[in-house]
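The values are calculated or read from the model by the stated rules, or taken from the named source; none is laboratory data. Everything numeric here is computed off the predicted structure, so don't read it as measured data. Note: ideal-geometry Cβ built from the backbone for every residue, glycine included; neighbour counts use all protein chains shown. The protein model used for the area step is the full one, side chains on, heavy atoms only, and it has no ligands, DNA or RNA in it. Shrake-Rupley method; radii C 1.70, N 1.55, O 1.52, S 1.80 Å.
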Amino acid sequence: MKTALILGVSGQDGAYLAKLLLDKGYAVFGGSRDAQVTPFHNLSQLGIRDQVTLESVSLNDFRSVLQILHKVQPDEVYNLAGQSSVGLSFSLPAETLESIAFGALNLLEAIRFNGKAIKLYNAGSSECFGDTQGEAANESTPFRPRSPYAVAKAAAFWEVANYREAYNLFACSGILFNHESPLRPERFVTRKVIAAACRLAAGSSEILRLGDLSISRDWGWAPEYVNAMWLMLQQKTAEDYVIATGHTSRLEDFVEAAFTHAGLDWRKHVQIDTGLARPNELKNSRASPIKAHTQLGWSATCIMPAVVRMMIDHEMRAITRQTDV
């Protein structure tokens with residue numbers, strides 16, 4: 001039986017990854033800053049809360065990271081921790097950099113000090129690419145980060161690459177494009193749209209306020225993306241991969257698909273609020289996941305319209321259960 005340590009297990013990706021690894025027969029440990037008070041709602045929602053051994057760990061504390069590696073003795077470590085909101089990073093730039101870049105550095109150093117053959121997956125981000133002038137980004141595309149979050153993710157990416165080359169660690173980064181699910185918190189615009197559409201369909205009279213609807217993103221289905229993370233650590237050599245669907249849609253298309261599936265005309269319920277636009281907003285995001293397909297055998301099967309339908313259906317069922325209670 002392999003042992004996996006998931007740092008950031010309380011989030012969307014952490015929960016789906018924990019379920020995947022449990023299904024594969026792993027012993028799964030989950031790290032959180034304070035495991036005694038963190039509610040782990042996502043793990044509970046997937047029905048696996050009691051199957052994951054939860055431990056307290058702070059990636060900003062080198063001693064804490066050393067201790068968790070010594071205690072768990074993992075074969076694989078998945079680093080999904082850190083501040084995860086692009087928008088919030090403009091308000092908390094120092095905390096974002098520290099939690100992502102400094103946290104990744106502590107983890108790499110601890111694995112090096114540990115001396116055992118631990119495989120590391122690090123969560124990268126498509127935000128690192130910035131504006132690619134309409135070109136589809138691949139593993140060779142230069143980084144031009146346009147937010148504090150993207151800067152932090154870019155720093156962590158190069159830390160991983162440096163330790164892989166300098167110390168021969170099995171360490172790699174997945175450069176994931178946007179991936180959604182019902183486990184997304186409502187501070188993410190996709191879940192905000194889904195939740196509002198479902199409340200409106202159930203009789204709410206609210207107005208949904210959104211920023212720039214012309215931005216384009218490559219939206220995939222999160223449960224598929226965690227399988228790509230696992231596949232990356234099953235290879236003979238550690239390499240970085242772009243993980244995406246290869247299909248880009250405008251936010252307006254996402255909104256229209258959500259409201260249409262909920263039986264509504266979005267134009268009657270949405271108001272544009274320019275104050276919601278981020279500083280230095282990334283307008284277009286395009287991906288070329290060819291390497292993942294050819295080397296990992298991984299391809300996304302769910303693109304934006306299917307993702308929207310699944311999220312709407314899940315949200316509607318949740319509203320129905322609440323109404324029944």
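Scanning the stretch 193-244 for residues that are surrounded by fewer than 24 Cβ atoms within 10 Å (Cβ to Cβ) and of a type in the set (Phe, Trp, Tyr) gives Trp221, Trp230.
Which one is least open to solvent (accessible area, probe 1.4 Å), of the residues in the stretch 166-187 that are under 18 Å from Gly115 (Cβ atoms) and touching a strand residue (DSSP E or B) at 6+ places or on another chain (Cβ under 6 Å)? Ranking the candidates gives Ala171 first.
May I ask you to verify whether Tyr163 is crowded, with 17+ Cβ neighbours inside 10 Å, aromatic (Phe, Trp, Tyr) and under 22 Å from Ala15 (Cβ atoms)? Considered against the rule, which asks whether it is crowded, with 17+ Cβ neighbours inside 10 Å, aromatic (Phe, Trp, Tyr) and under 22 Å from Ala15 (Cβ atoms), Tyr163 comes out as no. Scanning the stretch 248-271 turns up one or more residues that are open to solvent by 30 Å² or more (accessible area, probe 1.4 Å), under 16 Å from Ser299 (Cα atoms) and not in a strand (DSSP E or B). Considering only residues of the stretch 22-56 that are open to solvent by 40 Å² or more (accessible area, probe 1.4 Å) and among the charged types (D, E, K, R), which is farthest from the chain's Cα centre (by Cα)? Among those that are open to solvent by 40 Å² or more (accessible area, probe 1.4 Å) and among the charged types (D, E, K, R), it is Asp50. Flag not set for Arg187, criterion: in a helix (DSSP H, G or I), over 19 Å from His247 (Cα atoms) and touching a residue at least 40 places away in the same chain (Cβ under 8 Å).
In the stretch 206-222, the residues that are more than 22 Å from Met310 (Cα to Cα) reach residues that are in a strand (DSSP E or B) and of a type outside the set (Lys, Arg) with C-beta atoms within less than 7 angstrom, at least six apart or across chains, in these pairs: Ile207/Gln271; Arg209/Gln271. Restricting attention to the stretch 70-80 and to residues that are assigned to a loop (DSSP other than H, G, I, E, B) and out of contact with any helix residue (DSSP H, G or I) (no Cβ under 6 Å at 6 or more places or on another chain), the residue that is farthest from Val226 (Cα to Cα) turns out to be Gln73. The set of residues in the stretch 29-46 that are farther than 19 Å from Leu59 by Cα and in contact with a Pro (Cβ under 9 Å, 6 or more places away or on another chain) contains only Gln45.
Taking the criterion of being open to solvent by 30 Å² or more (accessible area, probe 1.4 Å) and farther than 30 Å from Ser249 by Cβ, would at least one residue in the stretch 134-152 satisfy it? Within the stretch 134-152, none of the residues are open to solvent by 30 Å² or more (accessible area, probe 1.4 Å) and farther than 30 Å from Ser249 by Cβ.
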